[in-house]
Amino acid sequence: MAKMTVKDVDLKGKRVLMRADFNCPLDEKTGEITDDKRIRASLDTIKYVLEMDAKLILMSHLGRPKGKRDAKYSLKPVARRLSELLNKPVKMMDDTIGPKVEESVKQMRPGDVILLENTRFYPGEKENSPDFAEQLAKLGDIHVNDAFGTAHRAHASNVGVAKYLLSVAGFLMEKEIRYLSKVVISPTHPYIVILGGVKVSDKIGVIKNLMKKADMILIGGAMMFTFLKAIGKAVGSSLVEEDKLDLARSIIDEANEKKVKLVLPIDCVIAQEMKSKTERRIVDIEEGIPMGWKGFDIGPKTVEIFKDKLQNAKTIVWNGPMGVFEIKPFSEGTHAIAEMLANSDAMTVIGGGDSAAAVERFGLADKMSHVSTGGGASLEFLEGKELPGIASIKDKEM
Ligand code: ADP
Ligand code: MG
């Protein structure tokens, strides 16, 4: 179901209460923002709202302040950075709700921007308390939800306020929904899903749901070893979820039944320790991994097989790095797959926090059709779950 967006409403002169995701990493010492990606991701919507001559009241959470005021998690650095990016003043509030904030909102003129203090300074945010939501809702005439990263949580600032105000999607939210629904509901075939990361248990929901539509699933990352062990291979001291071996076998059976091709690596990069200065070897899975050695990346033969399979794909979803991409000697598999996707004509969608970080680290994020900005939210979307922070946005009338 399509959602209403900022384009479907008249914003002129209105007080627009916008939930963005400004949860940026901060430098522990200076308190300054170390990566402003999330602020930049919301600029399109912010600029549009301002062009429409609205008054913009922004809100977000930052970090985990445990429901009370904590200067460490103030949004002040965000106000400064946003002001630089917009090249106009962004008035920082000392509070999130209350008479002083209401007074400042009353003084606003079209084109003005206010940033409320961290919504998580109030326990009502995470509790989704109706009272806190109502206090927030008082500040606006319309609610714009652009916080995809929070969409898997029913909090007051994204879900609660929608009880009191019409809630519409911002451009970032709209783009996330468009790409993720496409791959979950109506992918163009051939459709290949690449899965990796640490644990099978983290990804069961994603595997089961995407298997309904995928033609092929390529498996890498540490979770490959649970699958390989489940079919009797010697995986040495690699990370294995012993209690998920039956599950891995049932996934293999289910894939067979559904005629989904499940492709497991045939070689891998092994070492005795997960660190950069260590002896590294490449072994064939048939040969087996010796005890004392662990697999940290897919091997070169596997990379070639995966590339070959991906060549004809029209839709590719990738969740979970192929190896320990954070450490140079184990980053090659992930890097090679990222390059392949970057140069592919297929629709390429990257989900998951670490997977997004990987393609960014390789400088390839811009070459993908879509890199989701929400780690947990994108996984739940791929699992086929209804996200509360999307359900609360008004459906477009047909
Ligand atoms: P995402 O956040 O994209 O969903 P995950 O959180 O599931 O991805 O997995 C990411 C992590 O998986 C990375 O930190 C990476 O180092 C780790 N990883 C990948 N392959 C291995 C492996 N063979 N052994 C140990 N860790 C691995
Ligand atoms: Mg992760």
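The values are calculated or read from the model by the stated rules, or taken from the named source; none is laboratory data. All figures in this text were calculated on a predicted structure; none of them were measured in a lab. In this analysis, Cβ positions are derived from the backbone assuming ideal geometry, glycine residues included, and neighbour counts consider all displayed protein chains.
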> How many of the residues in region 228-249 are in a helix (DSSP H, G or I) and within 17 Å of residue 269 (Cβ to Cβ)?
Replying inline: 1
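Yes/no matrix, rows are residues, columns are (1) under 22 Å from residue 24 (Cβ atoms); (2) in contact (Cβ under 8 Å) with a residue 24 or more places away in the chain; (3) among the charged types (D, E, K, R):
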| site | (1), (2), (3) |
| --- | --- |
| 309 | no, yes, yes |
| 313 | no, yes, no |
| 378 | yes, yes, no |
| 396 | no, yes, yes |
>> Which residue is surrounded by the most Cβ atoms within 10 Å (Cβ to Cβ), if the candidates are limited to region 1-27 and must be touching a residue at least 60 places away in the same chain (Cβ under 8 Å) and part of a helix (DSSP H, G or I)?
In response: 6
> In region 144-166, is there at least one residue being crowded, with 18+ Cβ neighbours inside 10 Å, of a type in the set (Gly, Ala, Ser), assigned by TED's automatic domain parsing to the domain that holds residue 248 and within 24 Å of the chain's Cα centre (by Cα)?
Replying inline: no
> In region 196-217, how many are touching an Asp or Glu at 6+ places or on another chain (Cβ under 7 Å), at pLDDT 95 or above and part of a helix (DSSP H, G or I)?
Replying inline: 2
> Name the residues in region 284-294 that are within 13 Å of ligand 1 (Cβ to nearest atom) and either exposed (fewer than 12 other Cβ atoms within 10 Å of the Cβ) or assigned to a strand (DSSP E or B) (or both), would you?
Replying inline: 289, 294
>> Among the listed residues 333, 376, 323, 384, identify the single one that is within 13 Å of ligand 2 (Cβ to nearest atom) and either surrounded by fewer than 21 Cβ atoms within 10 Å (Cβ to Cβ) or over 21 Å from residue 145 (Cα atoms) (or both).
In response: 376
> Residue check: is residue 310 within 14 Å of ligand 2 (Cβ to nearest atom) and out of contact with any Asp or Glu (no Cβ under 6 Å at 6 or more places or on another chain)?
Replying inline: no
> Among the residues of region 203-216, which ones are within 15 Å of the chain's Cα centre (by Cα) and either under 23 Å from residue 38 (Cβ atoms) or of a type in the set (A, V, I, L, M, F, W, C) (or both)?
Replying inline: 206
> For residue 355, all conditions in the list (1) touching a Leu at 6+ places or on another chain (Cβ under 8 Å); (2) at pLDDT 95 or above hold save one; what is the number of the exception?
Replying inline: (1)
>> Anything in region 341-361 that is surrounded by fewer than 18 Cβ atoms within 10 Å (Cβ to Cβ) and away from ligand 1 (no atom under 12 Å from the Cβ)? List them, or say none.
In response: 342, 343, 345
>> Looking for something closer than 30 Å to residue 384 by Cα and surrounded by 14 or more Cβ atoms within 10 Å (Cβ to Cβ) - is there at least one such residue anywhere in region 86-96?
In response: no
> If we scan region 223-236, do we find a residue that is over 24 Å from the mean Cα position of the chain (by Cα) and either within 16 Å of ligand 2 (Cβ to nearest atom) or under 22 Å from residue 374 (Cβ atoms) (or both)?
Replying inline: no
> Give me the pairs: first residue in region 28-41 and within 16 Å of residue 84 (Cβ to Cβ), second residue of a type in the set (Asp, Glu), beta-carbon distance under 7 Å, and six or more apart or on different chains, which are they?
Replying inline: 34/27; 38/21
> When residue 252 is evaluated against the numbered criteria (1) β-branched (Val, Ile, Thr); (2) within 16 Å of ligand 1 (Cβ to nearest atom); (3) outside any strand (DSSP E or B), which criterion, by number, is the only one it fails?
Replying inline: (2)
> Quick check, is residue 231 surrounded by 15 or more Cβ atoms within 10 Å (Cβ to Cβ) and away from ligand 1 (no atom under 11 Å from the Cβ)?
Replying inline: no
